[in-house]
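**Student:** Just dropping this structure here.
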Amino acid sequence: MARVRSFAAARGVDLEVRRFSSTTRTAVDAAREIGTEVRRIVKSLVFIADGRPVIVLCSGESRVSVKRLEDILRAKSVRRATADEAKAHTGFPIGGVPPFGHDRELEVIVDEALTRFDRVWAAAGLPDAVFEIGIGDLERLTGARRAAIAAVPGME
């Protein structure tokens, strides 16, 4: 949590982290606790693309299309990271992975559908902590590139 705040502060963004007595581990849990729509929750998902970790940021209502991700990354093989891999590459457990402030610099891709919102909520490093952030600041802090990566129902 402190690492996430420090990372943002060093880049000119002051984050107010909110903690809850209940979990914010899933997008549904987080939306319920915050009192917002699940689509405004940022899922920070770790994928392994041809052996290298990649962070994908998408709306809480979306699913990532592995096929689209393979195409965007020009990778032969893309899969979800295991819980151990996610923690090893980011320094955070699944359910608390923030979009930035990881143990090392990672490639980040943000689903373009998430950018329709001015402000979104993301995990702050713990399964009960979140912060609100403007989408422009989120993209700047992560260095993310935008891409259409959400699965389209009936098309996958």
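Every number here is computed from the coordinates shown, using simple stated rules; none is lab data. Note that the structure is predicted; figures quoted are calculated from it, not measured. FYI the Cβ positions are ideal-geometry reconstructions off the backbone, even for glycines, and counts take in every protein chain you see.
**Student:** Expressed in nm to one decimal, what extension gain is obtained for the pair residue 107 and residue 63 from 0.36 nm per residue of sequence separation less their Cα-Cα distance? Let's see the in-between values first.
**Tutor:** Numbers: separation 44, 0.36 × 44 = 15.84 nm, distance 1.89 nm.
Here the segment from residue 107 to residue 63 would lengthen by 13.9 nm.
**Student:** Moving on. Can you run phi through the Karplus equation (6.51, -1.76, 1.60; θ = phi - 60°) for the range 114-122 and list ³J(HN,Hα) in whole Hz, with x for Gly and Pro?
**Tutor:** Using θ = phi - 60°, the values come out as 5, 6, 6, 9, 6, 9, 9, 10, 9 Hz.
**Student:** Suppose we keep just the DSSP beta bridges with both residues in the range 2-147; what percent of those would be antiparallel, to 5? Walk me through the numbers before you get to the answer.
**Tutor:** Values: 19 of 27 bridges.
Just about 70 percent of them are antiparallel.
**Student:** So how far, in whole Å, is the C-alpha centre of the range 47-80 from the one of the range 106-156?
**Tutor:** Each part's Cα centre sits 13 Å from the other's.
**Student:** Just check the range 2-147 against the gyration tensor rule for me: Cα atoms, a ≥ b ≥ c as the square roots of the eigenvalues, rounded for a/c under 1.5, and otherwise prolate or oblate depending on whether a/b exceeds b/c. Don't skip to the answer; put the middle values down first.
**Tutor:** Working: a/c = 1.43, a/b = 1.38, b/c = 1.04.
The shape class here is rounded.
**Student:** Which GluC sites (Glu not before Pro) does the range 1-56 hold that lie in a coil by DSSP with at most 15 other beta carbons within 10 Å? Mind dumping the intermediate values first?
**Tutor:** Values: sites: 16, 33, 37; in loops: 16, 37.
Sparse-neighbourhood loop GluC sites (Glu not before Pro): 16, 37.
**Student:** For a quick protection proxy, order the peptides 7-14, 93-100, 129-136 by their average other-Cβ count within 10 Å, most packed first.
**Tutor:** Working: 7-14: 13.0, 93-100: 22.5, 129-136: 18.2.
My ranking of the peptides, most packed first, is 93-100, 129-136, 7-14.
**Student:** Here is a follow-up. So how compact is the range 61-156: Cα radius of gyration and Dmax in angstrom?
**Tutor:** Radius of gyration, then largest Cα-Cα span, for the range 61-156: 13.7, 37 Å.
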